[in-house]
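Values quoted throughout were computed directly from the atomic coordinates according to the rules given, and no laboratory measurement underlies them. Worth saying up front: this structure is predicted, and the values here are computed from it rather than measured.
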C-alpha cells in the first residue's frame, strides 16, 4: 500500500514519518555509506523542512518498507543546490510542473527475498507507480531524479526508463550519479 503524506495531513502520521526517517538512515548512511546527517537514528535534511510530499510504502502490518520524497523545483531542491555538478553549469530546472524525486529507498532487510537480486521488489514497483500517479493527479508533467547506474537499470527493468537525461554522469562519493527525467502524463 502507498500512503501519500504532505503538508495537509502530515500531523496525522508522526510515527510513520519517524519510521521513514529511520529507514532512510539505515539505507543511506548504513547500507550505502552516504555522507548524510543522522541524529538519533534518523536521517533528514533541510529539504524535509520545505513541505515535500512523501510516498510511503507500507506492508500489511503498516510497517514502512519504502519511501521517497517529492519536492517542487520552483524553490530549493537537491539538483539545484547539492548536485549542481551534474548540470555542467546549466541552470537547474525550475517549473511548477516539474518536481524532484529524492530519497527513494526500500527496506531490503524487511523484504528479504531469495530472488531479490534477480527481480525488482513489489515495494519498488509500487513506489514507482505511486510517483507517476501522484504526479499525474497533481498536475505534474515530469519528475526529475538524481540516480545512480543501479537505479537506472532498475527503472529500465521495471519498464519505467527515463525519457531523457540532463547534464552529465558524474562521480559522487562511491558511485556515479545522473539526472533522469520521467514523464507523468498519460
When the chain is fully extended, how far beyond the present Cα-Cα distance does residue 175 get from residue 109, taking 0.36 nm per residue of separation? 21.6 nm
Within segment 2-183, what percent of beta bridges assigned by DSSP are antiparallel, to the nearest 5? 90 percent
Label selected from [x] 35.8, 105; [y] 19.1, 56; [z] 15.5, 46, the criterion being Rg and Dmax of the Cα atoms in Å as computed here: [z]
Listed residues 104, 28, 13, most fluctuating in the chain (Gaussian network, C-alpha, under 10 Å): 13
Tell me, in nm to one decimal, what length is gained between residue 40 and residue 168 on full extension, where the rule is 0.36 nm per residue of separation less the Cα-Cα distance? 42.5 nm
In whole percent, what relative contact order does the chain give with Cα contacts below 8 Å and a gap of six or more residues? 19 percent
